Amino acid sequence: MSLPFEAIQQYRQSTFRLLPHNRIQQRDQAIDFVNERGFIYFWPIKDITFPSLWTAVAGNRPVADAHDDPGHITWGWKDSLLGGQAWYYAKVLRKRATMISFELAPYFYALTENYGVPEEDHLVLYEQGRLTLEAKVVYEAILEHGPLDTVALRKKARLTSPDSEARFNKALADLQADFKLVPVAVTQAGAWRYAFAYDITARHYPQIPQQARYINERQARRRLTLCYFRSLGAAQPGDLARLMSWKLAEANQAIQDLVAAGELTSGVHIEQQSGDWVVLNSLLQSTGA
């Protein structure tokens, strides 16, 4: 079975909102876009093909350096909705800024190393050598004191020295990627009068771990994989594994489950592209392939 790459590009123009008549212009439309896609990036990420809020607003172009670029309206939308119920925002996919619908957030949470006891899970990971000391003390500072901005958090975690900045930032990214911490507000702390405040995910959004309890890992990967292919139309298993930080075998299992369910077709040849691809069946049907 063969499919022209142009068909995939046309499909993504729609799902990525790249066409001028389909661009996002208002905050409510941005919320609808996240709910429609399930999860997206905030900014486009180099070498990763995936929808982002920036491209849905500004078109398929690099993020502008100029602060007055119209595309940067996305920044205000994101900040104004931090910690609310519009979407889940944190550094998740590839530890980059990700926006996730609350319908999909429990499926991500089900794949993390959070087992229902926020006061203890991090200790187990630390004892097993899978959580850094910096991540441990950052997490415990918020666990003890409640939401903290980054300036106060560095003080509480005793990570204020210049040589600890990279380790502190890595700890924040690691804790967000594992759904342990989430930014919940913008504060006027620091020299730039702009700093995120963070809280424990399970404490700020208790519904997420509660809903995740009823989702096993295979179900979670299958649901997220279907959402991924509904956004891209077609991809190779390695692309899915790289974006989601899964093992290739895990990505292939999710794909096989969806092939069996009649949602995807594997082993498709894409014209002018190498290797076998996996394609959304509805896309194949729309092209008559």
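Rule-based calculations on the coordinates, nothing more; no lab input. In this text the structure is predicted, and so the values were computed from the model without any measurement. Cβ atoms come from the backbone with ideal geometry, glycine included; neighbour counts cover every protein chain shown.
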The chain - mean residue ellipticity at 222 nm from DSSP helices (-39,500 (n - 2.57) per run, n ≥ 4, rounded to 500) = -13000 deg cm²/dmol
Filtered hits (lysines, Cα-Cα < 30 Å from Lys46, offset >= 8 within chain) -> Lys78, Lys91, Lys95, Lys170, Lys180, Lys247
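Write out the trypsin sites (Lys or Arg not before Pro) in the stretch 1-71 meeting two conditions: DSSP loop, and at most 11 other Cβ atoms within 10 Å of their Cβ. Mind showing how you got there, number by number?
Working: sites: Arg12, Arg17, Arg23, Arg27, Arg37, Lys46; in loops: Arg17, Arg23, Lys46.
Here the trypsin sites (Lys or Arg not before Pro) that fit, given the DSSP loop and packing criteria, are Lys46.
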Please return the longest stretch of the chain lacking exposed loop sites, where chymotrypsin sites (Phe, Trp or Tyr not before Pro) count only if DSSP places them in a loop and at most 15 other Cβ atoms lie within 10 Å.
-> 1-114
Enter the Cα centre distance for the pair the stretch 29-54 and the stretch 217-289, rounded to the nearest angstrom.
-> 18 Å
Between Gln188 and Ser14, what is the spin-label point distance in nm, taking each point 7 Å from the Cα along the Cα→C-beta axis?
-> 4.8 nm
As computed over the chain, the Cα convex hull volume per residue (Å³) | 143 Å³
Please work out whether the stretch 17-103 counts as rounded, prolate or oblate from its C-alpha gyration tensor, where a ≥ b ≥ c are the square roots of the eigenvalues and a/c under 1.5 means rounded, while otherwise a/b larger than b/c means prolate and anything else oblate?
-> rounded
